[in-house]
Amino acid sequence: MPLSRRALLTGAAAAAGVVVVGACGAPPDTPPAAPRHGGRLRAVFQGGGSKETLDPHAPRPWVDQARHKALFDKLTELGDDMTPVPRLALGWQANPDATVWRFTLREARFHDGRPVTADDVLASYARILDSAAAGRRGTQLLGELDLANSRALDPRTVELRLRAPVVELPTRLAGTGMAIIPAGTGDFGRPVGSGPFRFESFDAGTSSMLATRFDEHWEGAPYADQLEILSAGLQARGNAVLGGQAHYADDLDPTFARIHEADGAVRVIRAPHSGMQAFAAKVDRPPFDNPDVLGALALTIDRQRLVDVVLAGKGEIGNDLFGKGYQYYADDLPQRPHDPDQARWLLRRAGAENLRVTLNTADAGTGFVEAATLLAEQARAAGITIDLATVDKDTYFADILDNGVLVNESVGAMPIPNHASTHLLSSAAQNVSRYRSPEFDAAYRNAQATGDTGRRTAIYHDMQRRFRDTGGLLVWGHSDWIGATAPALSGAVAAPANTLNWARFDRVWIGAGA
Amino acid sequence: MCARLGWAVGQLSCLALLVFLGTAALSGDAAVTLLGDGYDPGQAARLRARLQLDDPVWTRFGRWLADLCRGDLGRSLVGGEPVGTVIAHAAAPTLVLAGATLLVVVPLAGTLGFAAGVREGSALDRVLTTVTVALYAVPDFVVALLVVALVSVRLRLLPPTALGADGATLLTRPELLVLPVLVLCCQSTSSLSRQVRAGALDALGTGYVAQAVRLGLPRWRVLLRHVAPNAVAPAVQSTARVISSLVGGVLVVEVVFAVPGLASELISAVAARDVPTVQGITLVLGAAVLLVNLAADLVVARVVPRARERA
């Protein structure tokens, strides 16, 4: 299938925008001080005990994702607004119906000196899709990839063929667990990647990974000589950065931000729009299969108060939609009001006065139980009684897929189309609210085959409008991603987890810069 | 002695069975926790098949037991490492922590308790009683958060965590141990010194001490020869109890101070439904508690004449 010039998608801008990528590295909010070279950088993340692994296709805890980011590259990464940023891919082109894609690779090398080639890309995706393996995170994102018919056109050009149109392929390739590894790698005892740091050692006992500067990285050598990435609990992470034992602590809570933004002992960095905070009501069963009852619950939520109390004000209120601040977000929809009287009226109309429901909650995410408690209090104003049932936190996200009628839900940063495909479509594995709409599914497929960004945006807006009133997702807030850097660290920028600038240690340096 | 050993094996078997059933009764399994918030029923089914989690609980327990009899603790369901290796890594920091705590607690609690006991009602006794009872009432994690906030974060005197340190590092950099041991000492010193004080009081009230005083022996001699040994008996047994309860305290301390020990490994293994690791660690902890109690009984039998006669 010939690729027409008109079929150039975002990749055109991207290919021309290599300069832009270079500029991305420099944080916009720090004064242009000369970066210093050298030193050993120490960063601490949320860990997962024996779950931690250096296999970049099975990433689970945050600490693993940070390690993988240091050691490996992907074809693309996500910007703060969830648009794709070219990384190993220099640019891309697609045919008009977005089923055949050509990615041009930049000149890059693995840590052992081998060049990164189209075969490595194909081998990496084959490993992710390997049906004999389990727990590969990127499988869903590559669902449409027709590997047998994809091929390397030359060492630096890979052609990916899809079974169905996926106009968002470049953002999918930026997803979690999509790292490019050298072909033939099966063991990650001493991982080899093309990332800015070269693997040195890993001690599972102390959960410490040491890596050294990779001078031949395609984006230039990192400033720090060494990078150590460790894991620890929330309290210990905060204390480590406060006590000067770490240069960066990731995933801190709003209370930490509130206390230490004022005292200046560390620099608190907060990235807005980093996590959707919601309640999910199952719309396939009573009482929320009645849109009036669902609407009534939505009106009882005092979103501002939830943000102020549960997130300590470190966030923004939600409008029952995922992805505020991201590409394709329907920001033209009016804000859902807090109106208990209207809620009462809706309940009367539905014949559901004195509604009593159970909310399954657990300490499975920051502020889940607090938010649930507060909602129960707020709903009383509309005559709804919410009983809280505390369930197991370790298996919460699997448990709520089938069980309960009302649950806490939170989703981290990802592109709106990815969220739709993994959480909202009828076939989506993580469809918590049990929203099943053939029209919504068809609209999604239509959007995936629509090359024109303006028309595609219109389709996504329409889908969000349709979803908001019947989808069962009551998004009350968008939380900040909170981290802290020691005074000795310069150049760090706030970025939502899962995006390019999160946990990025090649563009920061130890020493005064501000 | 043999009967004692038989009992111990029986107790450990019961513990293993109960823990196994308990972990099995928890919601979900390792396949669910491995996938986390990216849970997908198809992937979970594949993982379950690979980890042999579909077998009935008795089959799985039987398999584990058979492996154990061959000296194999199995492999972690989530990381794939041999459980023996996991335990060997994690035991070192915990042993260092517990050992250092005992080195401080035993002499300290003994001295304080004995001093308070022999001067019952004195100012010293009243102060010690107030302080120990108050400290005993404060949960470990509160003490931990307070000392870290004050000593490490505000005054910057000592490191707030043992981030990245293993057992050997803890020994070579004792400053990392100060705060964790301090926290662990609070409750254990309080409870142990109360026991020693009570023991001393009991001994002081006995007829043989009264007789010794009546015979005109010097007070120091009465205290050292006749009161102290008999005050030790209950204290040795409560030291054993303190060691058992240290397991709970270590749990809190390891998490707050980021010490990669057995307790934090156990917590993450339970959270991950990593049954072989949970089984291995509880077995080791259970065996340790039994051994400590056995040792305490032996010590008591040697030190205290009455107990020796009974034994």
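The values are calculated or read from the model by the stated rules, or taken from the named source; none is laboratory data. Predicted model, so just to flag it, every value in this text is computed and none were measured. Cβ placement follows ideal geometry from the backbone for every residue including glycine, while neighbour counts extend to all protein chains displayed.
Annotations
- Restricting the first member to segment B:256-282 and to residues that are facing another protein chain (nearest Cβ under 10 Å), and the second to residues that are part of a loop (DSSP other than H, G, I, E, B) and of a type in the set (S, T, N, Q), the beta-carbon pairs closer than 6 Å and six or more apart or on different chains are B:PHE257/B:THR161; B:ALA258/B:THR161; B:PRO260/A:THR206; B:ASP274/B:SER76; B:THR277/B:SER76.
- Considering segment B:183-229, and only residues there that are basic (Lys, Arg) and surrounded by 16 or more Cβ atoms within 10 Å (Cβ to Cβ), the residue that is nearest to B:THR132 (Cα to Cα) turns out to be B:ARG194.
- Residue tally, condition more than 21 Å from the chain's Cα centre (by Cα) and touching a residue at least 40 places away in the same chain (Cβ under 8 Å), over segment B:2-16: 1
- Selection count where residues are touching an Asp or Glu at 6+ places or on another chain (Cβ under 7 Å), part of a loop (DSSP other than H, G, I, E, B) and farther than 18 Å from A:ARG507 by Cβ, scope segment A:49-107: 3
- Residue, farthest from B:ALA295 (Cα to Cα), within segment B:25-52, restricted to residues that are assigned to a helix (DSSP H, G or I) and in contact with a Phe, Trp or Tyr (Cβ under 8 Å, 6 or more places away or on another chain): B:ASP37
- Filtered residues of segment A:474-514 (kept if of a type in the set (S, T, N, Q) and either at pLDDT 95 or above or part of a loop (DSSP other than H, G, I, E, B) (or both)): A:SER479, A:THR485, A:ASN498, A:THR499, A:ASN501
- So A:VAL167, is it part of a loop (DSSP other than H, G, I, E, B) and within 25 Å of the chain's Cα centre (by Cα): yes
- Looking across B:VAL96, B:VAL104, B:VAL78, one residue alone is crowded, with 21+ Cβ neighbours inside 10 Å, at pLDDT 90 or above and among the hydrophobic types (A, V, I, L, M, F, W, C). It is B:VAL96.
- Matching residues in segment B:244-255 - criterion: being hydrophobic (A, V, I, L, M, F, W, C) and more than 7 Å from chain A (Cβ to nearest Cβ): B:LEU246, B:VAL247, B:VAL250, B:LEU251, B:VAL252, B:VAL253
- From B:ALA115, B:ALA109, B:ALA198, residue being in contact with a Leu (Cβ under 9 Å, 6 or more places away or on another chain), assigned to a helix (DSSP H, G or I), more than 11 Å from every other protein chain (Cβ to nearest Cβ) and touching a residue at least 24 places away in the same chain (Cβ under 8 Å): B:ALA109
- Subset of segment A:131-147 (residues that are under 18 Å from A:LEU54 (Cβ atoms) and not aliphatic (A, V, I, L, M)): A:GLY135, A:ARG136, A:ARG137, A:GLY138
- A search for C-beta distances below 7 Å between a residue of segment B:37-55 that is within 14 Å of A:ALA133 (Cα to Cα) and any residue that is loosely packed, with under 14 Cβ neighbours inside 10 Å, counting only pairs 6+ apart in sequence or on different chains, returns B:ARG48/B:ASP54.
- Filtering A:VAL411, A:VAL369 for residues that are within 13 Å of chain B (Cβ to nearest Cβ), closer than 22 Å to A:ASP480 by Cα and buried (at least 17 other Cβ atoms within 10 Å of the Cβ) leaves a single hit, A:VAL411.
- Check on B:PRO276, part of a helix (DSSP H, G or I), over 25 Å from B:LEU108 (Cα atoms) and not hydrophobic (A, V, I, L, M, F, W, C): yes
- Test: B:PRO260 is under 26 Å from A:ASP392 (Cα atoms) and touching a Pro at 6+ places or on another chain (Cβ under 8 Å): yes
- Selection count, segment A:110-155, where residues are in contact with a Lys or Arg (Cβ under 6 Å, 6 or more places away or on another chain), surrounded by 15 or more Cβ atoms within 10 Å (Cβ to Cβ) and either part of a helix (DSSP H, G or I) or more than 14 Å from every other protein chain (Cβ to nearest Cβ) (or both): 4
- Number of residues in segment B:146-168 that are within 10 Å of chain A (Cβ to nearest Cβ), surrounded by 16 or more Cβ atoms within 10 Å (Cβ to Cβ) and part of a helix (DSSP H, G or I): the value is 5.
- Out of B:GLN43, B:GLN11, one residue alone is closer than 23 Å to B:SER244 by Cα and either within 14 Å of chain A (Cβ to nearest Cβ) or not β-branched (Val, Ile, Thr) (or both). It is B:GLN11.
- Extreme residue, nearest to the other protein chains (Cβ to nearest Cβ), among residues of segment A:172-205 that are assigned to a strand (DSSP E or B) and either among the acidic types (Asp, Glu) or more than 28 Å from A:PRO415 (Cβ to Cβ) (or both): A:ASP203
- Residue in segment B:163-182 that is at pLDDT 90 or above and among the charged types (D, E, K, R) present: yes
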